[in-house]
1. Can you tell me which residue in segment 1-36 is farthest from residue 49 (Cα to Cα), limited to those that are open to solvent by 90 Å² or more (accessible area, probe 1.4 Å) and not in a helix (DSSP H, G or I)?
2. Within segment 56-64, identify whether any single residue is in contact with a helix residue (DSSP H, G or I) (Cβ under 8 Å, 6 or more places away or on another chain), touching a residue at least 12 places away in the same chain (Cβ under 8 Å) and open to solvent by 90 Å² or more (accessible area, probe 1.4 Å), and answer yes or no.
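The values are calculated or read from the model by the stated rules, or taken from the named source; none is laboratory data. Treat the numbers as computed from the prediction; the structure is a model and nothing was measured. Cβ placement follows ideal geometry from the backbone for every residue including glycine, while neighbour counts extend to all protein chains displayed. These accessible areas exclude ligands, DNA and RNA; they are computed on the full protein's heavy atoms, side chains included. Shrake-Rupley method; radii C 1.70, N 1.55, O 1.52, S 1.80 Å.
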Amino acid sequence: MTIDIAVLMFIIVASMVIFSFEKIPVDVVAIGVLVVLVTTGLLPLDKAFLGFGSDVVVVIFGLF
């Protein structure tokens, strides 16, 4: 297991724990995970916001 995989697994487990306690709003946690992934270098900055252009994401955002 490389360091990148260990860091990613930690981020996933930590976000699941934070999601389950529901002390912090879900959208804040999701954006926080995105920021952490970009700052650690696991997700390139140019690919970080590509999903926001999807029609599905816009429809779900409209539901909120």
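1. Once the filter is applied, the top-ranked residue is 1.
2. Yes - at least one qualifying residue is present in segment 56-64.
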